[in-house]
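Single-structure report; data block below.
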Amino acid sequence: MAHAYTPGLKVTENLLIRKRRILPLKGEVVVKVGDKLNPNDVVARTHLPGNVVPLNVANKLGVPPEDLSMVMQKKEGDPIKEGEQIALKKSFIKWFSSSATATIDGTIESISNVTGQVLQRGEPIPVEVTSYVKGTVAEVIENEGVVMETYASFVQGIFGIGGETFGDIQIAVDNNSTVLEDKLITNDMKDKVIVGGAMVTAAALKKAIEVGVRGIVVGGFDDKDLRDFLGYDIGVAITGNEDIGISLVVTEGFGQIDMAKKTFDLLSRHQGEMACINGATQIRAGVIRPEVVIPTELNKELEDKAANGVGGLATGSPIRVIRHPYFGYLGEVTDLPAPLQVLESESKARVLKVKFDDGTEVIVPRANVEMIEG
């Protein structure tokens with residue numbers, strides 16, 4: 001059996017990266033095909049509808065809902081300003097008159113003679129989409145966005161938090177097994193993407209935010225520290241919208257796990273170069289992995305390697321085990337038996353034989369590994 005499919009994490013020096021940069025609603029694309037952009041350049045912009053804020057005018061003025069139109073001084077679609085009078089109930093005695101005022105800036109969305117509610121729509125919210133990576137506009141999707149293209153060194157992580165950011169890479173540790181502690185975070189790391197080894201401590205993460213570090217790439221992170229740091233449990237692991245002032249990419253898993261030497265060496269070779277990182281993670285249908293993108297100059301060698309693509313799982317493929325009892329172990333496939341085999345649980349599954357870096361060989365289910373694509 002030459003190849004077998006298994007999900008994989010990419011760790012590669014040369015890859016053609018294509019990123020769709022799409023607006024949440026149709027709007028205006030402000031770049032054209034062939035434009036060369038930096039990560040913070042705007043490619044498209046639009047406006048989201050403002051928030052809806054209800055106001056029970058009938059209750060406020062003490063009138064039946066069906067009489068609401070008689071006291072309204074604004075109609076649907078009219079602009080309003082916070083504090084502006086929008087309804088008035090007149091009385092024979094001036095002092096007994098009552099009014100209702102707008103609570104936000106925006107427009108009158110609707111007036112209900114059934115509930116007595118007036119819905120106020122806030123001002124449109126401007127939204128801009130940036131290119132995220134340094135590269136070239138390969139395609140324009142009219143009124144929606146663009147496809148960015150760049151040749152890059154690329155690392156996918158297991159888990160991350162925080163959204164898109166970028167900065168120059170700075171290696172903060174001596175090797176891939178060193179824990180990234182707060183004493184290793186220095187003021188000159190402001191606006192940098194720093195690389196740690198086996199783990200980052202909660203204290204180091206907090207100090208990095210204080211210093212102004214934009215991103216951290218590290219082997220592991222303690223799940224208890226993560227809960228304490230965020231103040232809540234991640235649950236089904238959908239991340240990327242955390243407003244914490246930094247993005248974190250974990251390459252190996254939870255706990256103190258050495259960053260794979262191949263990954264650490266790749267990042268080390270690019271020290272001082274710009275890295276675009278995204279901690280967004282989704283562990284369910286439509287899997288999204290955190291990533292590190294290091295744009296490189298296009299040349300024929302990179303183009304040829306990127307065009308060759310990545311094969312399936314085969315003898316000699318580097319893999320990482322993602323289930324107990326060998327979670328986080330790195331090794332190389334030595335055999336891919338075709339027949340189903342009975343596991344300890346007495347269920348049947350396809351397995352593979354893997355040789356770990358320390359020379360140990362074990363048999364594990366294929367579903368328990370991820371291929372490290374290079």
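The values are calculated or read from the model by the stated rules, or taken from the named source; none is laboratory data. Keep in mind the model is a prediction, meaning the values are calculated, not measured. All Cβ positions, even for glycine, are placed from backbone atoms using ideal geometry, and neighbour counts span all protein chains on display.
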If I ask for residues that are closer than 17 Å to V11 by Cβ, assigned to a loop (DSSP other than H, G, I, E, B) and at pLDDT 80 or above, which ones from the range 315-328 would you list?
G316, S317
Please go through the range 315-333 and give me each residue that is β-branched (V, I, T) and touching a residue at least 24 places away in the same chain (Cβ under 8 Å), ordered by number.
I319, V321, I322
Out of the residues in the range 32-64 that are closer than 30 Å to S91 by Cα and among the β-branched types (V, I, T), state the one that is surrounded by the most Cβ atoms within 10 Å (Cβ to Cβ).
V57
Tell me yes or no: at least one residue of the range 151-164 is among the polar types (S, T, N, Q) and either modelled with pLDDT of 95 or more or in a helix (DSSP H, G or I) (or both).
no
What is the number of the single condition among (1) within 21 Å of the chain's Cα centre (by Cα); (2) modelled with pLDDT under 95; (3) surrounded by fewer than 20 Cβ atoms within 10 Å (Cβ to Cβ) that A203 does not meet?
(1)
Determine which single condition E109 fails, assuming it passes every other condition in (1) in contact with a strand residue (DSSP E or B) (Cβ under 6 Å, 6 or more places away or on another chain); (2) surrounded by fewer than 17 Cβ atoms within 10 Å (Cβ to Cβ); (3) among the charged types (D, E, K, R).
(2)
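With respect to K19, is the statement that it is part of a strand (DSSP E or B) and either out of contact with any helix residue (DSSP H, G or I) (no Cβ under 9 Å at 6 or more places or on another chain) or not hydrophobic (A, V, I, L, M, F, W, C) (or both) true?
Values: part of a strand (DSSP E or B): yes; either out of contact with any helix residue (DSSP H, G or I) (no Cβ under 9 Å at 6 or more places or on another chain) or not hydrophobic (A, V, I, L, M, F, W, C) (or both): yes.
Taking the combined requirement at face value, the residue satisfies it.
Let's see how each residue does on (1) aliphatic (A, V, I, L, M); (2) assigned by TED's automatic domain parsing to the domain that holds V71; (3) under 26 Å from G279 (Cα atoms); (4) buried (at least 17 other Cβ atoms within 10 Å of the Cβ):
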position	(1), (2), (3), (4)
S99	no, yes, no, no
A102	yes, yes, no, yes
T115	no, yes, no, no
E139	no, no, yes, no
A152	yes, no, yes, yes
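Is it true that some residue in the range 348-366 is at pLDDT below 80 and either assigned to a strand (DSSP E or B) or not assigned by TED's automatic domain parsing to the domain that holds S247 (or both)?
yes
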Determine whether K348 is surrounded by fewer than 19 Cβ atoms within 10 Å (Cβ to Cβ), of a type outside the set (F, W, Y) and within 35 Å of the chain's Cα centre (by Cα).
no
Set I169, I277, I238: member being surrounded by fewer than 14 Cβ atoms within 10 Å (Cβ to Cβ) and closer than 21 Å to K10 by Cα:
I238
Of all residues in the range 127-150 being of a type in the set (S, T, Y) and in a strand (DSSP E or B), the one that is farthest from the chain's Cα centre (by Cα)
T136
When you scan the range 262-270, do you find a residue that is of a type in the set (S, T, N, Q) and surrounded by fewer than 20 Cβ atoms within 10 Å (Cβ to Cβ), even just one?
yes
